[in-house]
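Colleague: Below are the structure tokens for one structure; questions will follow.
The values are calculated or read from the model by the stated rules, or taken from the named source; none is laboratory data. Since this is a predicted model, take the numbers as computed values, not measurements. Here the Cβ is made from the backbone with ideal geometry for all residues, glycine too, and neighbour counts use every protein chain on show.
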Amino acid sequence: MPDDDGELDARAPLPADTVGLLEGLTTTRAIRRYKDEPVPESVLRAILFAATRAPTGTNRQHFRFIVLTDSPNALAAKKLIAQRARSAWAGMRARDGYDSGSGAEGNSRKTRMARTMQEFADNFEKAPILILPCLIRQKNPSKLEAASIYPAVQNILLAARALGYGGVLTGYHLAVEDELVKLLDIPPNIFIAGTITLGKPQGSHGTVRRRPLSELVFVDKWGNAPSWAIDPPGTEYASAGPPKRASAEK
Ligand SMILES: Cc1cc2nc3c(=O)[nH]c(=O)nc-3n(C[C@H](O)[C@H](O)[C@H](O)COP(=O)(O)O)c2cc1C
């Protein structure tokens, strides 16, 4: 691989990863806290190469990715989205009762989540990389239109995981889309599918927690859990959605 401080060697193969595919995808969690370290171009190249290997309808490849690092334009775009991230999180914090019930306890899961989200919002523009995954809209889009961009989004997160990096998809750009479009010269027929912040995680990657398999998978008809829907040993769970409001927690 190229020397990460220097020129990217165009002939270099992708870096080797050490995480198996299944292990990687069951440990790709939302990473919102990043070390203050740049992401080398060789890593960016591998991550974006993985993104562009994702499927699109009839292989149209009508996805595009704007990578924002530290140019004046990039910093302006990051700042714009960061302001929205802060107001969105402040609203969510109050609305979803992050400071009441178990949220008022020192080290509950809710408190830790609120702490992470606050830090994420406060430092949003400092994320080493921000990627805007975009889709060139078709004239007569099908209902599956967005399915040509989100597999690439997940590939970005998985490739980051494979290389010791991490990130999270957000929708914070939505409220500032018009300003972003102007700032970054984005043509009118483009769907900006989200923001992906990326960097070296401050913590470690943990196991993804979801509801039990038997609640999420059916056979033959809605609601009919298959007998084989048994979570592997050691599976950890999480309920769906934001934390329960204080009144419902008791
Ligand atoms: C469509 C979508 C929108 C999301 N929007 C946000 C967001 O605005 N802010 C945020 O911090 N995380 C956002 N996320 C990340 C989710 O909150 C996260 O993936 C989820 O809580 C599961 O976290 P885990 O994978 O670490 O278990 C979004 C994820 C998706 C798929």
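Colleague: Looking at segment 113-120, is at least one residue among the β-branched types (Val, Ile, Thr), under 18 Å from the mean Cα position of the chain (by Cα), within 14 Å of the ligand (Cβ to nearest atom) and in the same structural domain as ALA160 (by TED's automatic domain parsing)? Can you show your working first?
Modeller: Taking segment 113-120 first, the residues among the β-branched types (Val, Ile, Thr) are 116.
Of the ones still in play, those that are also under 18 Å from the mean Cα position of the chain (by Cα) are 116.
Filter again for within 14 Å of the ligand (Cβ to nearest atom), leaving 116.
In the following step, the residues that additionally are in the same structural domain as ALA160 (by TED's automatic domain parsing) were identified as 116.
Yes; the residues of segment 113-120 include at least one that is among the β-branched types (Val, Ile, Thr), under 18 Å from the mean Cα position of the chain (by Cα), within 14 Å of the ligand (Cβ to nearest atom) and in the same structural domain as ALA160 (by TED's automatic domain parsing).
Colleague: Right, next: Would you pick out the residues in segment 103-126 that are outside any loop (DSSP other than H, G, I, E, B), among the acidic types (Asp, Glu) and surrounded by fewer than 16 Cβ atoms within 10 Å (Cβ to Cβ)?
Modeller: So the first thing to find is which residues in segment 103-126 are outside any loop (DSSP other than H, G, I, E, B), and the list is 103-104, 109-122, 124-126.
Cutting the leftovers down to among the acidic types (Asp, Glu) gives us 119, 122, 125.
Passing the criteria: GLU119, ASP122.
Colleague: Output the residue which, of all residues in segment 144-178 that are hydroxyl-bearing (Ser, Thr, Tyr) and assigned to a loop (DSSP other than H, G, I, E, B), is nearest to the ligand (Cβ to nearest atom).
Modeller: Residues of segment 144-178 that are hydroxyl-bearing (Ser, Thr, Tyr), as a first pass: 148, 150, 165, 170, 172.
Right, trim to assigned to a loop (DSSP other than H, G, I, E, B) and you get 165, 172.
On the way: TYR165: 15, TYR172: 6 Å.
Filtering segment 144-178 for residues that are hydroxyl-bearing (Ser, Thr, Tyr) and assigned to a loop (DSSP other than H, G, I, E, B), the one nearest to the ligand (Cβ to nearest atom) comes out as TYR172.
Colleague: Looking at the structure I just gave you, is ILE47 in contact with a His (Cβ under 8 Å, 6 or more places away or on another chain) and either outside the structural domain of LEU213 (by TED's automatic domain parsing) or more than 26 Å from TYR172 (Cβ to Cβ) (or both)? Break it down stepwise before answering.
Modeller: On the way: in contact with a His (Cβ under 8 Å, 6 or more places away or on another chain): no; either outside the structural domain of LEU213 (by TED's automatic domain parsing) or more than 26 Å from TYR172 (Cβ to Cβ) (or both): yes.
No.
Colleague: Pairs please, first residue from segment 112-124 and touching a residue at least 60 places away in the same chain (Cβ under 8 Å) and of a type outside the set (A, V, I, L, M), second anywhere and within 11 Å of the ligand (Cβ to nearest atom) and assigned to a helix (DSSP H, G or I), Cβ atoms under 7 Å, 6+ apart in sequence or on different chains.
Modeller: Hits for this filter: PHE124/ILE81; PHE124/ALA85.
Colleague: Can you find, within segment 187-209, the residue that is farthest from the ligand (Cβ to nearest atom) among those that are under 12 Å from THR28 (Cβ atoms) and of a type outside the set (A, V, I, L, M)?
Modeller: Taking segment 187-209 as the starting set, the residues that turn out to be under 12 Å from THR28 (Cβ atoms) are 201, 205-208.
Retained after the next criterion (residues that are of a type outside the set (A, V, I, L, M)): 201, 205-207.
Details: PRO201: 11, HIS205: 9, GLY206: 8, THR207: 9 Å.
So, considering only residues that are under 12 Å from THR28 (Cβ atoms) and of a type outside the set (A, V, I, L, M), the one farthest from the ligand (Cβ to nearest atom) is PRO201.
Colleague: OK, next. Hey, can you tell me all the residues within segment 169-195 that are more than 23 Å from LEU157 (Cα to Cα) and of a type in the set (S, T, N, Q)?
Modeller: Scanning segment 169-195 gives a single hit, ASN189.
Colleague: Collect the residues in segment 188-205 that are under 15 Å from LEU135 (Cα atoms), surrounded by fewer than 17 Cβ atoms within 10 Å (Cβ to Cβ) and either among the β-branched types (Val, Ile, Thr) or in contact (Cβ under 8 Å) with a residue 40 or more places away in the chain (or both), keeping them in residue-number order. Let's see the steps before the verdict.
Modeller: Taking segment 188-205 as the starting set, the residues that turn out to be under 15 Å from LEU135 (Cα atoms) are 188-196.
Okay, now just the ones that are also surrounded by fewer than 17 Cβ atoms within 10 Å (Cβ to Cβ), so 188-189.
ASN189 - this is the single residue of segment 188-205 that is under 15 Å from LEU135 (Cα atoms), surrounded by fewer than 17 Cβ atoms within 10 Å (Cβ to Cβ) and either among the β-branched types (Val, Ile, Thr) or in contact (Cβ under 8 Å) with a residue 40 or more places away in the chain (or both).
Colleague: Testing VAL181 on (1) surrounded by 11 or more Cβ atoms within 10 Å (Cβ to Cβ); (2) away from the ligand (no atom under 16 Å from the Cβ); (3) outside the structural domain of GLU119 (by TED's automatic domain parsing), one condition comes back false. Which one is that?
Modeller: Only one criterion in (1) surrounded by 11 or more Cβ atoms within 10 Å (Cβ to Cβ); (2) away from the ligand (no atom under 16 Å from the Cβ); (3) outside the structural domain of GLU119 (by TED's automatic domain parsing) is unmet by VAL181, namely (3).
Colleague: Could you list, in sequence order, the residues of segment 55-77 that are β-branched (Val, Ile, Thr), buried (at least 16 other Cβ atoms within 10 Å of the Cβ) and more than 18 Å from the chain's Cα centre (by Cα)?
Modeller: Selection gives THR56 alone.
Colleague: Six or more apart or on different chains, Cβ atoms under 8 Å: show the pairs whose first residue is in segment 127-155 and under 25 Å from TYR165 (Cβ atoms) and at pLDDT 95 or above and whose second is among the basic types (Lys, Arg) and part of a helix (DSSP H, G or I).
Modeller: Matching pairs, first to second residue: ALA127/LYS78; LEU130/LYS78.
Colleague: Restricting to segment 89-102, and then to whatever is in a helix (DSSP H, G or I) and more than 16 Å from the ligand (Cβ to nearest atom), can you tell me which residue is farthest from ILE31 (Cα to Cα)? So that I can check it myself, show each step before the final result.
Modeller: Within segment 89-102, the first condition is being in a helix (DSSP H, G or I), and the residues that meet it are 89-95, 101-102.
From the residues that got through so far, the ones that are more than 16 Å from the ligand (Cβ to nearest atom) too are 101-102.
Values: GLY101: 25, SER102: 23 Å.
Selected residue: GLY101.
Colleague: Another one. So LEU80 clears everything in (1) at pLDDT 95 or above; (2) closer than 26 Å to HIS205 by Cα; (3) surrounded by 15 or more Cβ atoms within 10 Å (Cβ to Cβ) except one condition, right? Which one?
Modeller: It fails just one condition, (2).
Colleague: Still on this structure, please answer the following. If you go through segment 219-241 one residue at a time, do you hit one that is within 16 Å of the ligand (Cβ to nearest atom), within 21 Å of GLN61 (Cβ to Cβ), β-branched (Val, Ile, Thr) and modelled with pLDDT of 95 or more?
Modeller: no
Colleague: For segment 134-143, does any single residue satisfy the condition of being under 17 Å from PHE63 (Cβ atoms), within 16 Å of the ligand (Cβ to nearest atom), within 22 Å of the chain's Cα centre (by Cα) and not in a helix (DSSP H, G or I)?
Modeller: yes
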